[in-house]
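Data block below; observations after.
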Amino acid sequence: MVAVIKPSHSMHRIFIYNENKVKEGVAECIGAENFPLNADEMSLKMKLGFLLKRTELRKDVERKNVHISLNFDPSEKHLTGGKMMEIAKTYMQKIGFGEQPFMVYQHHDAGHPHIHIVTTNIQSNGNRIDLHHLGIRKSEPARKEIEKIFGLVVADEHSKKDAFKLNPVDAKKVQYGRTETRRAIAGVLDAVLDKYKYTSLPELNAVLKQYNVMADRGSEQSKMFLSGGLVYHILDEDGKPVGVPLKASDFYNKPTLKFLEKRFNPNEAQRKPYKARIKNEIDKLFIGKAPSLHELIEQLERKGIHISLRQNDAGLIYGITYVDHYTKCVFNGSALGKQYSAKAIQERFLLKNVSGQESLSQHPAPKPLIGLQSRSIVGTEIKVVTDDLQPAKSAGILNDLMQPEQAANWLPGQLKRKRKRKKRKNISDNR
C-alpha cells in the first residue's frame, strides 16, 4: 500500500473533485466517519457544509484541508468497498485523525485499486493537528502495520514513485461540450497548480501544455487582457486551442490570474534550492563533445527535466523553459543564469535543431532576409547568387577590353585641387 498526503488551501476543490468523479460514474462514496448522518443520508450541501464549519474554527490556518489517497497493488482488485473502508478507518486512527470527520471515496479510473479521503486537521476544540512531516512521523509506520494486519502487498520504492502519477489529458478523447471540457481541464489544474513552483504565466503554461491545456490572457489589446481576465483552453496535437475556452471563474477553485499571481512570489523562494540540479544536469552534457539540441532534450527528459521551447513563425528559438518533474520546479532559462538562456544554449551546442537541420544562427542570412525567409529559402538564394558569379565576371572582362582607352582621372583631379590652393594662396599674398 502507498499513502499520499496532500494538504490543500481549498476544501471546495478536493471535495468537488471527488464528487465529480462520482457523477462521472468512475467513483463512489463508500463512507463518512464522524458525521451526524451516514454518507447516503446526506446531501452534497450537508457533507461539504459540515467540513467547512469545522475549518472555520481556525481562520488563521492557511492549509487546513487534507486530501489523502491510499493506493493498493494492481493484484489486489479483490478488495471490496467494505474492506477498503475498514483499512481507511484503521489508517486514520493510526495517524491521529481517528476522531476527525472524513469522507472516503473508492475510485475506479486507474489501473490499481485506490481510495481518496477528504478531511481537515482542525479539531472540534479548535486545535490544529500538526501536518509537518506527518508522512514520515506517522503515515509510514501506519502503512507498514496495515500491510501486516490486512495481508497487503508490501510497497517497494518503485511503486511509491509511480503512485498517484499524473497522466496527460488526451484532447482527442475529450468531447468538446462545456461540461466535459471543464472536467478535463479541472483534472489537470488540480494536479498542477498546487504542486509545481512557477513564477509567471508562461512558466505555468510550460507545464500545462504537456497535458494539452493552456492558460490564456488574450492579446494585449483585448478587453480580457486589460481587465485581468483569464481563460483555459484544451489543445490539440499541434498545440492549437480547440473546443470551448472556459473562464477561470467558472471552475470551483477559481484559478484566476489574481489567484495565480499570489503564488508567484512564494514559489520564487521555494524553488531556489532546486536550481542546482537542472544546471548540473545541463553542464554534464556539455563535458567533452557538445550535444545537439535534440540530444540535449532527449538526455534531460531521461532525468525528468522537460524543455519547452518558444519559437517564432520562422522557427527561430527565442526562449527556453525547464520543467523539472522530479522537484516540481519550473525555470525560465535566464532565471538559472545567462549561460542557460535560449541564446547561450544555442551558442553552446552544435547549433542543430530537433529536425536535424542547421540552426539559423550558425549561418546567418544577409541582413535584408533575416526573419523574412526560412533557412531553405535563404540557402537557395545564396546558391543562385554563387552560380551567377562566374558568367558575370567573364562578361565584365570582355566589356573592359572593348572599351576605348581613356586617360586616368585621378591625377588631373589632384592637380586641379593643388592649383586651387595655390590660387587662393596668391590671392591672399596680393592682399
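Computed from the coordinates by the stated procedures, all read-outs in this text should not be read as laboratory data. Bear in mind that the values here come from a model prediction, so they are computed numbers and not experimental data. Here Cβ is always computed from backbone atoms with ideal geometry, including for glycine, and neighbour counts include all displayed protein chains.
Report the equivalent ellipsoid semi-axes for the range 2-162 in whole Å, largest first, defined as the square roots of five times the eigenvalues of the gyration tensor built from alpha carbon atoms.
Computed over the range 2-162, the values are 24, 19, 14 Å.
Would you list the P(r) distribution for the range 12-103, with all Cα-Cα distances sorted into 10 Å bins from 0 and each bin expressed as a whole %?
Calculated over all Cα pairs of the range 12-103, the distribution is 13, 46, 34, 7, 0 percent.
Just rank Tyr232, Tyr198, fewest to most, by other beta-carbon atoms within 10 angstrom.
Tyr232, Tyr198
Any idea what the relative contact order of the range 1-154 is, in percent, if you count C-alpha pairs under 8 Å spaced at least 6 apart? All intermediate terms of the calculation are to be shown ahead of the outcome.
Values: 241 pairs, mean separation 50.2, N = 154.
33 percent.
For His294, His116, His78, what ranking results if the residue with the fewest other Cβ atoms within 10 Å of its Cβ goes first?
Neighbour counts put them in this order, fewest first: His78, His294, His116.
Please give me, ordered by residue number, the GluC sites (Glu not before Pro) of the range 203-286 that lie in loop per DSSP and have at most 16 other Cβ atoms within 10 Å.
Values: sites: Glu203, Glu220, Glu237, Glu261, Glu268, Glu281; in loops: Glu220, Glu237.
Passing sites in the range 203-286 are Glu220, Glu237.
Express in % the proportion of alpha carbon pairs of the range 171-259 at distances exceeding 16 Å.
Every Cα pair in the range 171-259 considered, those over 16 Å come to 50 percent.
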